[in-house]
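Worksheet for the structure shown next.
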Amino acid sequence: MHGGPRVPGESGLQFNARMIVPPAESAGLVNTFYVIETEEPLVEEAVPAYSAQLVVVVRGRLTFTYADGSSAQSSTVFINAPQMRSARCVLEGPVLQIGASLTHASWQRLANLPADRVHDQLIPAADILTPEQIASLESAAAACREGLIAPEALCEHLTEVIAAGPHPLSADHEAVVEAILRWLASGFDPALADLYASVDVSARQVQRICRRFFGVPPAQVLKRFRALRAAMVLSQPGLSPKLHDELMATFFDQAHLIRDIRRYTGRTPSQFRAESLARQLLDPAGHGDAGAPLNPDPT
């Protein structure tokens, strides 16, 4: 587990945010689990362009406003579809929420909803989960609310739901998604030709599968991952200066850097100098494939 100190939000309010490394049984299903708490009555924060999230709200209420201006409110169990851009979130506290950041493959196994058509919106749990699954998560939330179980215990319940995804992937889809992830992890600015050369399907099929799982074609996925990685580097001062220089060199100029980071994180580079919930949740360890190249080499 990554413990999170209490940190001020955009208006100086206090959060307790922590990420929980998925156990072995969650491998390939979840990038990270996270717990967010605040005792403050009203807090607004930016939500970066994450993969799909399955969330249980034990206390409080969240209201999301997306880039297109649409808004939606949380329920006890809800799903935040994959985000192509950053969103704003108002937390009406006291808040306690536990979430699972799904991998791109596990989201399709669970929901079977193409990310290029269903994104940047809250999805009612009943549209994806069975009544029994929702009841199980709601019961766990009630037990947590009553102090009978710790927030971290909900991770096991979330894993059980995600692992039961009823939509198996085709072999072609699985192979292409794995190839895209290897390509993204191979460097900060890999060539598209390298991706196409690594698979046994046509470039057009790669583009189609990429849109289904990642929401956009490979070049746009790389742009999003690059911006998120830049935000991680800027928000985590302990990361290697060498990584910082290599990543920043992939941007055409400072204006492109600022524009892309704002688009995908809701902040400018200078805003990462201040403590915030978003900065807390930009730890590379919590971002699966996007953060992998920035994690220290365990060897």
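What follows is calculated from the coordinates using simple rules that are stated; it is not laboratory data. Just so it is clear, the model here is predicted, and its values are computed rather than measured. Reconstructed Cβ throughout: ideal geometry from the backbone, glycine too, with neighbour counts over all protein chains shown.
Ratio of Rg to Rh for segment 6-163: 0.94 [Cα atoms; Kirkwood radius as inverse mean 1/r over pairs]. For residue 120, neighbours were defined as the other residues whose beta-carbon sits under 14 Å from its Cβ, and their charges (Lys and Arg +1, Asp and Glu -1) total +3.
Rounded to the nearest 20, the size of the Cβ-charge dipole of segment 6-163 about its Cα centre is 200 debye, with Lys and Arg at +1 and Asp and Glu at -1. Think of each Lys and Arg Cβ as +1 and each Asp and Glu Cβ as -1; about the Cα centre, that makes the dipole of segment 137-207 roughly 160 debye.
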